[in-house]
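Undergrad: Before anything else, here's the structure in question.
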Amino acid sequence: MADPQYDYDLFTIGAGSGGVRASRVSAALGAKVAIAEEHRIGGTCVIRGCVPKKMLVYGAHFAEDLEDCQRFGWDIGERSFDWIKLRDNVLDDVTRIEGAYTDTLESHDVEIFKERAEITGPHEITLASGRKVTAKHILIATGARPRMPECQGAEHAISSNDAFHLDELPKKIIIAGGGYIANEFAGIFNEFGCDVHIVNRGDRLLRSYDEAVRDRLLQISTTKGIKFRFNTTFEYIKPCDDGGYFVKLSDCDEEKADLVMFAVGRIPNTEGLGLDTAGVELGEGGEIKVDRFSKTNVDHIYAVGDVTDRVQLTPVAIREGQAFAETVFGGGDPVAVDHSCVPSAVFSHPPIAAVGMTEGEAKEKLGSVKVYLSDFRPMKNVLAGRNERSLMKMVCDGDSGKIVGIHMIAPEAPEMMQAAAIAVKAGLTKADFDATVAIHPTMAEELVLMR
């Protein structure tokens with residue numbers, strides 16, 4: 001397939017989940033492919049995002065499990081937690097996965113440049129080493145980075161990227177943000193014994209999630225000892241002579257914290273890529289604007305993943321990378337990714353999972369809506385003496401009975417949601433769920449028993 005006019009059929013800038021998938025599949029379809037990555041192979045998800053964070057979530061779960069196990073007959077005696085051991089084991093596994101991603105690219109004959117790349121001509125890419133190469137198609141898959149707000153002393157705060165490398169756990173941490181990253185790390189640090197404070201400039205958590213489940217998370221998190229402050233902003237962060245920081249919020253007196261973390265959104269990585277030289281159009285937030293086939297306004301330049309700010313989720317980036325490869329090199333009809341009805345999860349304590357419309361969205365769009373709820377205490381929590389209730393919510397079209405949204409907060413909610421999301425995507429109805437025999441005793445049976 002290689003076009004002799006160019007060095008490569010495809011040059012990908014960014015070796016995260018989307019870029020790796022696009023490059024591997026394109027090469028498997030016969031394209032000559034190269035990829036450039038200035039940091040580490042694997043991108044945000046593998047190196048500093050969902051993979052290591054989920055490992056920390058697993059580690060955090062043991063705090064409650066070890067407490068609850070006594071009610072189940074286990075006596076384990078004295079226990080302690082070693083943050084450094086967990087941190088290093090997680091980072092070691094990240095390195096292992098990075099190696100697996102690298103091996104996948106190399107096994108498909110994708111040439112890897114471990115350096116920054118910039119578009120310097122219509123089909124020309126210049127590497128940090130000064131080498132210039134040409135490509136028939138260019139794919140931008142550079143992802144996004146944490147947004148760091150502007151306030152006095154903001155440079156003293158860490159981002160979610162830094163949380164995996166701490167040399168010690170803070171006694172008190174203030175986390176700015178109300179989204180999934182803030183709530184996930186709040187749960188992790190809280191289970192590890194830190195005094196956790198979430199500060200949010202708005203009046204609610206997790207804006208895109210259904211009101212019932214986010215209210216339940218707030219209630220449970222507060223019971224677990226996490227403190228929340230809404231409608232407030234940072235005025236300054238100042239280092240203390242004896243360690244830690246003085247923090248001043250807009251609505252209260254100065255206080256001291258050992259660590260401040262910003263988790264207030266992510267910014268597409270589009271700076272310094274030569275996109276202006278190439279004439280690639282950007283959106284107001286710096287994101288690359290693309291059509292449904294991930295093509296920019298420049299015919300031979302495409303973009304996938306978080307850098308386009310469509311849906312900033314790893315599986316979406318992977319789908320977009322796959323669709324790009326099949327569209328450009330597959331030889332068949334163009335393939336577009338359906339960005340509607342994408343399931344998602346928040347790995348809080350307990351986790352949230354959702355797919356489809358919230359109740360509010362359904363009422364606004366459909367008018368006639370029927371809502372079914374199951375509010376219960378999981379069997380494990382009952383025996384453990386843990387007064388923590390789960391909630392499942394099903395939103396249906398009032399006329400047809402078609403399920404348009406499912407929302408839940410419960411142990412293992414994301415695991416249950418994956419199968420439920422298939423049903424919602426397929427357009428099944430409440431009657432279809434009612435006709436399905438339950439698996440008992442499980443939490444998932446509530447999905448087919450709601451009345």
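Undergrad: So residue 297 passes all but one of these: (1) part of a loop (DSSP other than H, G, I, E, B); (2) under 30 Å from residue 226 (Cα atoms); (3) modelled with pLDDT of 95 or more. Which condition number does it fail?
TA: The failed condition is (2).
Undergrad: Give me a count of the residues in segment 136-176 that are within 19 Å of residue 191 (Cα to Cα) and out of contact with any Ser or Thr (no Cβ under 9 Å at 6 or more places or on another chain). Full working, then the answer.
TA: If we filter segment 136-176 for residues that are within 19 Å of residue 191 (Cα to Cα), which is where we start, we get 160, 162-176.
Filter once more, so that each one left must be out of contact with any Ser or Thr (no Cβ under 9 Å at 6 or more places or on another chain): 160, 162-175.
The number of residues fulfilling the criteria is 15.
Undergrad: Check 260, 247, 328 and return the single one that is closer than 25 Å to residue 134 by Cα and not in a loop (DSSP other than H, G, I, E, B). Walk me through it before giving the result.
TA: Details: 260 fails: closer than 25 Å to residue 134 by Cα; 247 fails: closer than 25 Å to residue 134 by Cα.
Only one candidate passes the filter, namely 328.
Undergrad: Name the single residue that is nearest to residue 223 (Cα to Cα) among those in segment 64-93 being in contact with a helix residue (DSSP H, G or I) (Cβ under 6 Å, 6 or more places away or on another chain) and open to solvent by 40 Å² or more (accessible area, probe 1.4 Å). Even if it seems obvious, please write down each step before you answer.
TA: Going through segment 64-93, the residues in contact with a helix residue (DSSP H, G or I) (Cβ under 6 Å, 6 or more places away or on another chain) turn out to be 68, 71, 79, 86, 90.
Right, trim to open to solvent by 40 Å² or more (accessible area, probe 1.4 Å) and you get 71, 79.
Details: 71: 20, 79: 23 Å.
Per the criteria, the residue is 71.
Undergrad: Ok, one more. Among the residues of segment 265-308, count how many are within 28 Å of residue 187 (Cα to Cα) and surrounded by fewer than 20 Cβ atoms within 10 Å (Cβ to Cβ).
TA: Number of matching residues: 2.
Undergrad: Might you check whether a residue that is open to solvent by less than 20 Å² (accessible area, probe 1.4 Å), among the charged types (D, E, K, R) and within 26 Å of residue 393 (Cα to Cα) occurs anywhere in segment 197-216?
TA: Yes, the conditions are met somewhere in segment 197-216.
Undergrad: Can I ask one more? Any chance you could count how many residues in segment 221-238 are farther than 15 Å from residue 172 by Cβ and not in a helix (DSSP H, G or I)? Lay out the reasoning, then the answer.
TA: Within segment 221-238, the subset farther than 15 Å from residue 172 by Cβ is 221-224, 230-236, 238.
Now restrict to residues that are not in a helix (DSSP H, G or I): 230-236, 238.
Total meeting the criteria: 8.
Undergrad: Return the residues of segment 154-180 that are open to solvent by 30 Å² or more (accessible area, probe 1.4 Å) and assigned to a helix (DSSP H, G or I); say none if nothing qualifies.
TA: 155, 156, 162, 165, 180
Undergrad: So which residues in segment 52-63 are farther than 24 Å from residue 379 by Cβ, open to solvent by 40 Å² or more (accessible area, probe 1.4 Å) and hydrophobic (A, V, I, L, M, F, W, C), if there are any at all?
TA: Within segment 52-63, just 55 meets the criteria.
Undergrad: For segment 24-48, give me each residue that is assigned to a helix (DSSP H, G or I), touching a residue at least 60 places away in the same chain (Cβ under 8 Å) and either open to solvent by 10 Å² or more (accessible area, probe 1.4 Å) or in contact with a Gly (Cβ under 8 Å, 6 or more places away or on another chain) (or both).
TA: Residues of segment 24-48 assigned to a helix (DSSP H, G or I): 24-28, 43-48.
With the extra rule that they be touching a residue at least 60 places away in the same chain (Cβ under 8 Å), the set shrinks to 24-28, 43-45, 48.
Within segment 24-48, 24, 25, 27, 28, 43, 44, 45, 48 meet the criteria.
Undergrad: In the set 202, 265, which member is modelled with pLDDT under 95 and within 30 Å of residue 139 (Cα to Cα)? Please lay out each step first, then the result.
TA: Numbers: 202 fails: within 30 Å of residue 139 (Cα to Cα).
Criteria check complete, one pass: 265.
Undergrad: Look at segment 127-143 and say how many of its residues are within 16 Å of residue 8 (Cα to Cα) and touching a residue at least 40 places away in the same chain (Cβ under 8 Å).
TA: First pass over segment 127-143, keeping only residues within 16 Å of residue 8 (Cα to Cα): 127, 131-140.
Narrowing the set further to residues that are touching a residue at least 40 places away in the same chain (Cβ under 8 Å) leaves 127, 133-140.
Qualifying residue count for the region: 9.
Undergrad: Taking segment 74-109 on its own, how many of its residues are of a type outside the set (Lys, Arg) and not in a loop (DSSP other than H, G, I, E, B)?
TA: Narrowing segment 74-109 to residues of a type outside the set (Lys, Arg): 74-78, 80-84, 86, 88-95, 97-109.
Keeping just the survivors that are not in a loop (DSSP other than H, G, I, E, B) gives 83-84, 86, 88-95, 97-107.
The total comes to 22.
The values are calculated or read from the model by the stated rules, or taken from the named source; none is laboratory data. Just so you know, these numbers come straight off a predicted model, no measurement behind them. Don't worry about glycine lacking a Cβ; one is built from the backbone with ideal geometry, like all the others, and counts go over all protein chains shown. These area figures cover heavy atoms from the full protein model, side chains too; ligands, DNA and RNA do not enter into them. Shrake-Rupley method; radii C 1.70, N 1.55, O 1.52, S 1.80 Å.
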